[in-house]
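Input: a single structure, listed below in structure tokens.
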Amino acid sequence: MDASHISVRHLTKQDMAELHDASKKVYKVKVLDTWSEEVVDALLAMFPDGQICVCVDGKVVGCAFSLIIDFQKFGDDHTYDEITSGMTFTNHDPSGDVLYGIEVFIRPEYRGLRLARRLYDARKELCENLNLRAIMAGGRMPGYSQYVDTLSAKQYIEKIKCKELHDPVLSFQLANDFHVRKLLKGYMPGDTESMEYGTLLEWLNIYYTKSVKLINAQKSEVRLGLVQWKMRPLATIEKLYDQMEFFVDAVSDYKSDFILFPELFNAPLMAEFNHLSIPLTIRKLAEFTDPIRDKFIEFAIKYNINIITGSMPYIVDGKLYNSGFLCRRDGSWERYDKIHVTPAEKRNWIMTGGDKIKVFNTDCGKIGIMICYDVEFPEYARLLADQGMNILFVPFLTDTQNGYTRVRHCAMARAIENECFVAIAGAVGNLAKVNNMDIQYAQSALFTPADFGFPTTGIKAEATPNSEMTLIVDVNIDLLTKLHNQGSVNTMRNRRHDLYNLSMVKKTD
């Protein structure tokens, strides 16, 4: 199933028709088809913040329902009916300590988009932000009926844990950091697929002492995946797609919020045009940019990750730009351009610099994106910082080590000057049959301000030089807030606006 936009939000009464239709398509076991309009109305009236749905292109295709309970009143031995108080939900207790999951489902035709994972992530976020100590749920084991003659329920669970067998419900829950606390007998009478067994599942909230906002709050802990891409011959664009998806898939498995690709990472596709002049070759490469962008948008949705596509040649009104795209995980996207083209880009490729300086809003706060040479201009980064940028992403491509040194040291300076994180990612390897793109040198890295709370070197993580790899690294936005107000020095606040100022000549969107 294709999708162009995905969103997770709270359920409303207006969603009832689509929701009830979805529930009828999900369950083969009739006893579980219980989500009538009246039942969900009662649930929404009792605990509206706990009812979450996922929408694909504006259509409700799945949901996650929850209650807050005082768990000690029930203990480990309980039934689904006892938790839901016979589907009246009167056991919901706003002063309780556990978020209890009573339902999750996705319409069958929309499976494969990892929508259930988004619902689980939203439920975890809700648990943390309501300051509840855990999420618990009674999980079904719909695959157990196939093994009941040869395995006990306990043996079946152990084989699922060891991945010797796969259960469509339990395997997914274990993959989402839940653990089996207890085997429940008679948890849901009539569930013949599970032989009326259930697993009491638990996910512990390690931030139990904190209390912040509800779902869709801006994240403070952000995970970045930086791709140190190896240039290699690629026979077709499909081979490029395979390599792109490999990295997106790998980084998303670590639940990264962003993945950053290098500048002009798609250069191997120029090999088939090597017989042409250099200016014409780069324009032929630009013909691939729109399809590659669309594939990245597809991957952003499928793998639930924000993708910064590095850069690619892009033609607008006959002018050639060095451009990239921020492809958000909700399906939206925006373009950014290299503002400062290098003398070689202008001379060899007749490239034009962009004219928009702006930050981008994401579900992890405001970010900036500067392509390679751009990072060597401190005014540009300062203008982004003045617009609230917390993370600066710099896709780059350098052929020699001295070129890389310029990018690296300027990126480190931008992190200190602007009190932000700076992530850089470049390409490595050789392209023997591509003119003007034959050698590359890179060492991708994450740089920080140099103050208490950050590494003394200003380097949070760095890749092995000239080796293809990914760098997975976490940043804490709250540390920047503390730095802005309590740092040893305050480079953003201590500027002498009485003596000088920095402003844009041209307003941008």
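The values are calculated or read from the model by the stated rules, or taken from the named source; none is laboratory data. A quick note: this is a predicted structure, and the numbers were derived from the prediction, not measured. Neighbour counts run over all protein chains shown; Cβ positions are idealised from the backbone, glycine included.
Condition check: over 23 Å from the mean Cα position of the chain (by Cα), surrounded by 16 or more Cβ atoms within 10 Å (Cβ to Cβ) and of a type in the set (A, V, I, L, M). Does Leu119 satisfy that?
No, not satisfied.
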What number of residues within region 468-496 are at pLDDT 95 or above and in a loop (DSSP other than H, G, I, E, B)? 1
Selection count, region 457-497, where residues are surrounded by fewer than 15 Cβ atoms within 10 Å (Cβ to Cβ) and within 13 Å of Met412 (Cβ to Cβ): 1
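Return yes or no: is Ala415 touching a Pro at 6+ places or on another chain (Cβ under 8 Å) and at negative phi?
It is true that Ala415 is touching a Pro at 6+ places or on another chain (Cβ under 8 Å) and at negative phi.
Conditions tested, residue by residue: (1) under 20 Å from Ala217 (Cα atoms); (2) modelled with pLDDT of 90 or more; (3) not in a loop (DSSP other than H, G, I, E, B).
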| position | (1), (2), (3) |
| --- | --- |
| Gly86 | no, no, no |
| Leu99 | yes, yes, yes |
| Phe105 | no, no, yes |
| Gly112 | no, no, no |
| Arg117 | yes, yes, yes |
| Tyr120 | yes, yes, yes |
| Lys124 | yes, yes, yes |
Given the structure, is Ala286 under 18 Å from Pro233 (Cβ atoms), aliphatic (A, V, I, L, M) and in contact with a strand residue (DSSP E or B) (Cβ under 9 Å, 6 or more places away or on another chain)? no
From the residues in region 354-401 that are aromatic (Phe, Trp, Tyr), touching a helix residue (DSSP H, G or I) at 6+ places or on another chain (Cβ under 9 Å) and buried (at least 24 other Cβ atoms within 10 Å of the Cβ), which one is nearest to Pro313 (Cα to Cα)? Phe396
Number of positions in region 229-260 that are touching a residue at least 60 places away in the same chain (Cβ under 8 Å), assigned to a helix (DSSP H, G or I) and touching a helix residue (DSSP H, G or I) at 6+ places or on another chain (Cβ under 9 Å): 1
For region 436-454, how many residues meet the condition of being touching a residue at least 60 places away in the same chain (Cβ under 8 Å), part of a strand (DSSP E or B) and over 28 Å from the mean Cα position of the chain (by Cα)? 1
Within region 231-247, track down each residue that is buried (at least 20 other Cβ atoms within 10 Å of the Cβ) and in contact with a Lys or Arg (Cβ under 8 Å, 6 or more places away or on another chain). Met244
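Residues that are out of contact with any strand residue (DSSP E or B) (no Cβ under 7 Å at 6 or more places or on another chain) and under 21 Å from Leu224 (Cα atoms): list the helices (runs of 4 or more DSSP H) wholly contained in region 341-435 that include at least 2 such residues.
Values: elements: 343-349, 378-386, 401-418.
Here the list reads 401-418.
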In region 1-35, how many are hydroxyl-bearing (Ser, Thr, Tyr) and modelled with pLDDT of 75 or more? 3
Sole miss for Gly186 among (1) at pLDDT 95 or above; (2) under 30 Å from Asp49 (Cα atoms) is condition (1)
Please go through region 261-284 and pick out each residue that is part of a loop (DSSP other than H, G, I, E, B), in contact (Cβ under 8 Å) with a residue 12 or more places away in the chain and within 16 Å of Val434 (Cα to Cα). Leu264, Phe265, Asn266, Asn274
Run Val169 past the list (1) within 23 Å of Val8 (Cβ to Cβ); (2) outside the structural domain of Ile68 (by TED's automatic domain parsing); (3) in contact with a strand residue (DSSP E or B) (Cβ under 9 Å, 6 or more places away or on another chain) and report the number of the one that doesn't hold. (2)
